[in-house]
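Asker: Just dropping this structure here.
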Amino acid sequence: MEQLISAIERYHPSFRTDIEGCSPEEIDRLQSLVGIHLPDVHVDFLRVMGRRMGGLSLYDGDFRIETLIKRYTEEGAAHDSPLIIAIAHYGPYGRSRETFERPIELEFEEDEGQYVLVAYPPGEREHEFPEAIRILDLVNPTLYEALFAKAYLQYRWARFKHQRTLFFNAHSPKEIEQAAAIVEQFGFERHPESSITVRYFDQRDATAIISPNPGEPVRLSLAAHDAAELFRLANALTKRLPTPTTSA
């Protein structure tokens, strides 16, 4: 988590003052209620953000440890179910004033050999989580990936006024990597927090994100300060990326 905080501080220097962790005693209390060993990734999260997570909440979820302790105290633990790490609240819809809550879970993915975030509520509202990273509604990221994605869009992507989305063909990780190399040829530096799920590219006056689009062409999202420069960049990339390349 220290690596994550340092990465976020690159774009939001005061981020460390926006978060607050919980005590070892609180973590022990939660673990006793859950009845199983808490995954290291969740323990690390609780240590640094268990009380306050600096505006990085996902899926309108309440990730505070006191909420989890209250939930497990009242309802107990289902030992054959994934670990609940937050409670999401959503609604009301239409004329109904009824609100709902659903768990956000951390589940071990056998094929990947790691814990992934599983959320059942509706995805992020569009104005909170732009098209660039809506991949998180389509695949289950790790908690680390989800937190960095939210932070990048909140503290970096949002600084750019003009945005453009391109799509290109890629049928394997190797082909996606070849497209990433093309993006780097246009002066972008790949961010070290990039993953197989989402790749981030940055330069002084623009940013780019490559994210898979299951069953569809791969998405390349671009953002820049200058509209003319974004237009030039998008056109140049369109000529280099595997066809078909369409844009929005």
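No value in this document is a laboratory result; all are computed from the given coordinates. Given the structure is predicted, the values throughout are model-derived calculations rather than measurements. Note: ideal-geometry Cβ built from the backbone for every residue, glycine included; neighbour counts use all protein chains shown.
Asker: For residue 213 paired with residue 9, estimate the spin-label separation in nm (one decimal), with each label point 7 Å from Cα along the Cα-to-Cβ line.
Answerer: 3.7 nm
Asker: Under 20 Å Cα-Cα from residue 161, which lysines qualify once same-chain neighbours fewer than 8 residues away are excluded?
Answerer: Cross-link targets: 150.
Asker: If you place +1 on the Cβ of every Lys and Arg and -1 on the Cβ of every Asp and Glu, how big does the dipole about the Cα centre of segment 2-121 come out, in debye to the nearest 20? Working shown, then result.
Answerer: Numbers: 12 positive and 23 negative charges, 135 e Å.
That gives segment 2-121 a dipole magnitude of about 640 debye.
Asker: Students often check this: by mean Cβ neighbours within 10 Å, which of 218-224, 2-8 ranks highest, and how do the rest follow?
Answerer: Values: 218-224: 23.0, 2-8: 16.1.
Per-residue Cβ counts within 10 Å, averaged per peptide and sorted highest first, yield 218-224, 2-8.
Asker: Before anything else, pin down the relative contact order of the chain: Cα pairs under 8 Å, at least 6 apart, normalised by residue count, whole percent. Spell out each step's value before the answer.
Answerer: Values: 386 pairs, mean separation 37.1, N = 248.
In percent, rounded to a whole number, it is 15.
Asker: Further question on the same structure: Which ³J(HN,Hα) values, rounded to whole Hz and listed in residue order, are derived for segment 167-182 from phi using the Karplus coefficients 6.51, -1.76 and 1.60 in 6.51 cos²θ - 1.76 cosθ + 1.60 with θ = phi - 60°, glycine and proline given as x?
Answerer: 10, 9, 7, 7, 10, 7, x, 4, 5, 5, 5, 5, 5, 4, 5, 5
Asker: Roughly how far apart, in whole Å, are the Cα centres of segment 34-73 and segment 152-200?
Answerer: Using only Cα atoms, the two centres lie 30 Å from each other.
Asker: Mean-square fluctuation check for the chain, GNM, Cα pairs under 10 Å: which of 92, 173, 39 is largest?
Answerer: Evaluated over the chain, the most mobile residue of the options is 92.
Asker: How much length is gained if the chain between residue 47 and residue 243 is pulled fully straight, taking 0.36 nm per residue apart and subtracting their Cα-Cα distance, in nm to one decimal? Don't jump to the answer; show the numbers that get you there.
Answerer: Details: separation 196, 0.36 × 196 = 70.56 nm, distance 4.62 nm.
Length difference between fully extended and current span is 65.9 nm.
Asker: Which residues does a label at residue 186 reach in segment 219-237, if reach means a backbone N under 11 Å from a point 7 Å past the Cα toward the Cβ?
Answerer: 220-224, 229-237, by backbone N distance to the label point.
Asker: Hey, how much of the P(r) for segment 2-121 falls beyond 22 Å, as a percent of Cα pairs?
Answerer: Values: 2825 of 7140 pairs.
Of all Cα-Cα distances in segment 2-121, 40 percent exceed 22 Å.
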